[in-house]
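Okay, structure first, notes after.
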Amino acid sequence: MLSYGEMLVAEYRKKKQLEYKKMFQLQDSAHLQSSWGVIPHDDLVGQPANCFRKTNKGFPIFIRRASLEDYVLHMKRGPEIIYPKDAATMLMMMDVMEGDCVLESGSGSGGMSLFLSRAVGAKGSVLSVEVREDHYTIAVKNYRNWRTSWASRRGQEWPDNVQFENTDLCTASSILTGRGFHSVALNLNSPHLVLPSVLPHLHPGGICVLYIVNITQVVDLLEGLRCSALPCLCERIIEVPVRDWVLTPALKKNGEYCTIEAPHLDESLRQKDETSDESEDDDVGPSFRSIPYIARPHPEQHSHTAFLVKLRKFES
């Protein structure tokens with residue numbers, strides 16, 4: 001049952017199309033307000049999630065618990081986040097496993113820190129370094145808010161395995177001394193400047209994945225690697241496109257379903273088909289594939305986010 005402190009998502013759909021979506025934290029005496037009406041938070045406490053709740057105007061709002069993806073996409077942010085599609089690919093490229101020790105630079109709003117925190121688990125650790133104090137403050141706050149919500153939702157603590165540091169990675173030798181990392185995630189404007197400080201602490205064979213916004217920065221990175229002769233190989237440079245699709249039944253102007261005409265069968269096939277139909281129920285509605293569907297790319301598509309560069313350290 002829902003309890004105070006949880007992160008929830010409210011959705012309203014009209015004719016199966018999403019018209020309204022909002023993430024909110026369940027709080028005492030607060031209200032969920034929208035153009036479709038108001039729902040008191042107190043009315044949700046003790047109720048099951050994944051159910052429709054009517055507003056004071058009678059509109060049905062679907063209430064569900066927020067996933068980590070929902071939270072990262074809708075949490076308060078300062079800088080742009082690493083989107084879940086890119087974060088998932090980065091985790092696969094880094095081959096992050098439970099118990100790993102991971103270095104992240106460029107905490108941003110804390111989204112990637114949370115994905116790394118879940119991946120390494122209670123036995124692992126994440127060191128997240130952010131040079132800007134305002135970004136550092138936002139990342140820490142978002143991380144703590146998610147942990148609070150998780151504790152309310154599951155009755156157990158989310159692993160406290162991320163150490164945030166507000167410093168410049170190029171001059172952060174004191175926090176890196178004596179540490180070794182299984183993998184590294186960098187989200188910086190000039191990552192080639194910090195690699196000489198980072199690579200000595202990356203285990204041989206370890207992966208460093210860089211999130212780079214434009215291709216000219218990728219060129220600068222590769223040129224920096226060439227000039228500095230760092231012990232790493234550039235294995236991949238990719239971007240991750242995602243295309244949403246809309247799939248809906250075709251309707252006539254009067255609102256009725258369009259139908260697909262059955263093929264014309266010869267007499268022998270028709271008799272066989274009628275015989276097989278006798279054993280079926282008559283109450284199942286239109287037969288399978290009797291209603292045509294319209295499929296088209298969704299009009300709102302994600303634009304380019306970043307290039308992902310995979311580097312592997314080798315024995316020098």
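When region 145-170 is limited to residues that are in a helix (DSSP H, G or I) and touching a Ser or Thr at 6+ places or on another chain (Cβ under 6 Å), the one that is nearest to Ile81 (Cα to Cα) turns out to be Leu169.
Screening the candidates Ser173, Ser107 for the property of being surrounded by fewer than 24 Cβ atoms within 10 Å (Cβ to Cβ), in contact with a Ser or Thr (Cβ under 9 Å, 6 or more places away or on another chain) and touching a residue at least 24 places away in the same chain (Cβ under 8 Å) yields one hit, Ser173. When the criteria are applied in full, Val240 meets the requirement of being assigned to a loop (DSSP other than H, G, I, E, B), at pLDDT 90 or above, on the phi < 0 side of the Ramachandran plot and surrounded by 14 or more Cβ atoms within 10 Å (Cβ to Cβ). Residues that are surrounded by 13 or more Cβ atoms within 10 Å (Cβ to Cβ) and more than 22 Å from Leu73 (Cβ to Cβ) within region 23-37 comprise His31, Gly37, listed in sequence order.
Scanning region 215-237 for residues that are in a loop (DSSP other than H, G, I, E, B) and loosely packed, with under 11 Cβ neighbours inside 10 Å yields one hit, Ala229.
Could you tell me whether Leu210 is touching a Pro at 6+ places or on another chain (Cβ under 6 Å) and not in a helix (DSSP H, G or I)? The answer is yes for Leu210. The single condition from (1) over 16 Å from Leu210 (Cβ atoms); (2) over 15 Å from the mean Cα position of the chain (by Cα) that Gly111 fails is (2). For region 117-132, the candidate set comprises residues that are of a type in the set (A, V, I, L, M, F, W, C) and under 18 Å from Pro79 (Cα atoms); within that set, the residue that is most open to solvent (accessible area, probe 1.4 Å) is Val131.
The values are calculated or read from the model by the stated rules, or taken from the named source; none is laboratory data. Owing to the predicted nature of the structure, the values given are computational and were not obtained by experimental measurement. Because the Cβ atoms are built from the backbone with ideal geometry, glycine has one as well, and the counts that use them run over all protein chains shown. Quick note on the areas: whole protein, heavy atoms, side chains included, nothing else; ligands and nucleic acids left out. Shrake-Rupley method; radii C 1.70, N 1.55, O 1.52, S 1.80 Å.
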